[in-house]
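The values are calculated or read from the model by the stated rules, or taken from the named source; none is laboratory data. Treat the numbers as computed from the prediction; the structure is a model and nothing was measured. Cβ placement follows ideal geometry from the backbone for every residue including glycine, while neighbour counts extend to all protein chains displayed. Areas reflect the complete protein model, heavy atoms only, side chains present, ligands, DNA and RNA absent. Shrake-Rupley method; radii C 1.70, N 1.55, O 1.52, S 1.80 Å.
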Amino acid sequence: QVVGFVTEEPFDEVKISVVAVGSVNVGTTRVYELLLTGFCPAEIECDTTYFLSSSDFPVYIDAFRTGPDAIACALCEVVDEQNVITESNTDYATITVVANAAGFASLAVADALFEYPAGTRAGFVIRDMGLLLQANLFQSLTVSTYNNGVLQESRTAGNLLELDLLILFINPSAGVYNVGFEATLPFDEVRISVGSLVSAINVIRVYSAFIDTRASNGGTLLCNDPPIAVDDWMTTEENMPVIIPVCDNDD
């Protein structure tokens, strides 16, 4: 996997250190290459669904919030996590959680430059390989948002939405969902966590993270403006009230 962070200061050297934790033998770590990635801002508009690929957005997989709970879910795994931010709509990451595990496994996508305002819908396109009933599947899922590394809010089970108003990213096959929620706080990162089932392995394919701005309201995205109050009316020469129109961001 790719491990790193978004820098806030200039630098001319990068170092990675592997340190033993307590009495745990960390084994051998192979280091293949150094990756330096520059991020460019994306133009984000109202009333639009975006799938967060690294070719169009300054996004990356947050390695610190991706992977299994090593203590409580030692046999769980997250593989091919980088596939979640590619352009392809056919490749995917796989999250596997063993039956009756006490912990969970997660995958997080962060935006290095943009803070999404309250009202933005956030989530993931997933496919349940066990073909569970939706209620049972959602009971095992948690979607969370973060801002500057700080947890903002989480939703699970009945508080998650199956956002069928979105165009499905892959296909309408059984077990495919756009799962997420409408954020009430700003965020720059979205994470999905998969818990265990009682009697079966829980296997989820994760195709992409998405955001939907139909109800975003904050910063540069005023997509859900409230009705204009009477005090904001203007009058014509005939003293007839005229409501000031709400303009698009480009106006």
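Here are some notes:
- FRET efficiency, 1/(1 + (r/R0)^6) with R0 51 Å, evaluated for V24 and L222 via beta carbons: 0.55
- When all protein chains stay in place and ligands, DNA and RNA are ignored, the 1.4 Å accessible-area order of F169, F104, F181, largest first, is F104, F169, F181.
- Computed label-point distance, nm, for sites A74 and N136 using a 7 Å Cα→Cβ extension: 2.9 nm
- Of the listed residues F11, F5, the order by accessible area with a 1.4 Å probe, largest first, is F5, F11.
- Cβ-defined net charge surrounding A183, 14 Å radius [Lys, Arg +1; Asp, Glu -1]: -3
- The 1.4 Å probe gives accessible areas that order T96, T120, T28, largest first, as T28, T96, T120.
- Gyration tensor (alpha-carbon) shape descriptor, segment 62-101, a/c threshold 1.5: oblate
- By the helix-only formula, in which each DSSP H run with n ≥ 4 contributes -39500 (n - 2.57) and the sum is divided by residues, the chain has a 222 nm mean residue ellipticity of -500 deg cm²/dmol.
- Residues in segment 62-92 reached by a label modelled at S173 [backbone nitrogen below 15 Å; 7 Å Cα→Cβ]: 89-92
- In this label model, V6 and M129 are separated by 3.1 nm, measuring between points 7 Å along each Cα→Cβ vector.
- Applying the Karplus relation 6.51 cos²θ - 1.76 cosθ + 1.60 with θ = phi - 60° to segment 39-50 yields 3J(HN,Hα) values of 9, 10, x, 9, 8, 10, 10, 6, 6, 9, 9, 10 Hz, where x marks Gly and Pro.
- For the chain, the relative contact order works out to 24 percent when only alpha carbon pairs closer than 8 Å and six or more residues apart are counted.
- Residues E13 and V203, FRET efficiency given R0 of 45 Å [Cβ-Cβ distance, rounded to 0.05]: 0.65
- Neighbours of L161 by Cβ distance under 13 Å: Lys/Arg scored +1, Asp/Glu scored -1, total -1.
- Loop trypsin sites (Lys or Arg not before Pro), segment 1-88, which have at most 16 other Cβ atoms in a 10 Å radius of their Cβ (DSSP): K15, R30
- Label-point separation in nm, A99 to D164, each point 7 Å along Cα→Cβ: 3.1 nm
- Shape category assigned to segment 9-139 from the gyration tensor of Cα positions, a/c cut at 1.5: oblate
- Whole-percent carbon and sulfur share, accessible surface of the chain, 1.4 Å: 53 percent
- In the context of the full set of protein chains, residues of segment 76-118 present 39 Å² of accessible surface per residue (probe radius 1.4 Å, heavy atoms only).
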